[in-house]
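Participant: Just passing along the structure, written as structure tokens.
The values are calculated or read from the model by the stated rules, or taken from the named source; none is laboratory data. Computed from a prediction, not measured in an experiment: that's the story for all the values here. Quick reminder, even Gly has a Cβ in these numbers, built from the backbone with ideal geometry, and neighbours come from all protein chains shown.
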Amino acid sequence: MSVVLVEDNVQLRNSITDFLTVEGFDVTTVGSAVELYQMISEKQFSVAVVDINLPYHDGFAITRYLAREQLCAVIITSVRDSIEDRVEGYRSGADIYMVKPVDPLELSAAIERLRKNRRKIESSTKPETQKWLLDADKLCLWAPNNKVVRLSRREALLLGCLLDADGAVVSRQALQTLLEEPDDQQRGRLDTMLSRLRLKVRREAGVEIPIVTLHNVGYSFSPAAH
């Protein structure tokens, strides 16, 4: 399970990371909102553990963003223990608010609980299908074997465009415009995104996603080609 830890105290960040890694979690660490926003454009996380007192944007702003974009569950950890702060945390979209100092074992248990809750939700909404299905609101892609793949917002946008084309070719320029990357200098970012998406689907669903690349033309979603 992938966890991103947003904490600007290096010593505390390293300590929590070491413990959660031993517990079996895949932990990525960042020290500010700017680093987080860059990281989540490249990688999907299941849970974000967010401090409040951070440079640039505070933890409440980060939580609102993550909740609005439905990117992952959020645990706030903070020394701020007033009822006003706790209420603001939950209203911002936090799933759990924990007051520092946080026992690493309790934090691990909280992350595990969110993981189980997510599995229950995915199981209850899982469609019976032999096709590829995209739920853009929940940021989920179901493979024909009913395995679910969690997506980033940008991945869901890209797949939605390809699926809506119903097998027709979508030009590279159209996808770059959709992803707000119209400059040809950014074409490498689209290729990297597709490569990572193929790898994610292969790893999480055990099948190949049928995105076909047509050199110098564009891309199509063609299950019949696989």
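Participant: Checking F19 against (1) surrounded by 21 or more Cβ atoms within 10 Å (Cβ to Cβ); (2) at pLDDT 95 or above, which single condition isn't satisfied?
Facilitator: Only one criterion in (1) surrounded by 21 or more Cβ atoms within 10 Å (Cβ to Cβ); (2) at pLDDT 95 or above is unmet by F19, namely (1).
Here's the yes/no breakdown for (1) assigned by TED's automatic domain parsing to the domain that holds R13; (2) at pLDDT 95 or above; (3) out of contact with any helix residue (DSSP H, G or I) (no Cβ under 7 Å at 6 or more places or on another chain):
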{"site": "Q38", "(1), (2), (3)": "yes, no, yes"}
{"site": "F45", "(1), (2), (3)": "yes, no, yes"}
{"site": "D51", "(1), (2), (3)": "yes, yes, no"}
{"site": "L54", "(1), (2), (3)": "yes, no, no"}
{"site": "H57", "(1), (2), (3)": "yes, no, no"}
{"site": "L71", "(1), (2), (3)": "yes, no, no"}
{"site": "V74", "(1), (2), (3)": "yes, yes, no"}
{"site": "D85", "(1), (2), (3)": "yes, yes, yes"}
{"site": "A94", "(1), (2), (3)": "yes, yes, no"}
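Participant: If you don't mind, there's one more thing I want to ask. Considering only segment 196-222, how many residues are modelled with pLDDT under 90, outside any loop (DSSP other than H, G, I, E, B) and either in the same structural domain as F45 (by TED's automatic domain parsing) or of a type in the set (S, T, Y) (or both)?
Facilitator: So the answer is 1.
Participant: Moving on to the next point. Looking only at segment 72-101, which residues are assigned to a loop (DSSP other than H, G, I, E, B) and crowded, with 17+ Cβ neighbours inside 10 Å?
Facilitator: Listed by number, the residues that qualify are C72, R80, G93, A94, D95.
Participant: Could you pull out the residue among R64, R80 that is under 18 Å from the mean Cα position of the chain (by Cα) and outside the structural domain of S195 (by TED's automatic domain parsing)?
Facilitator: R64
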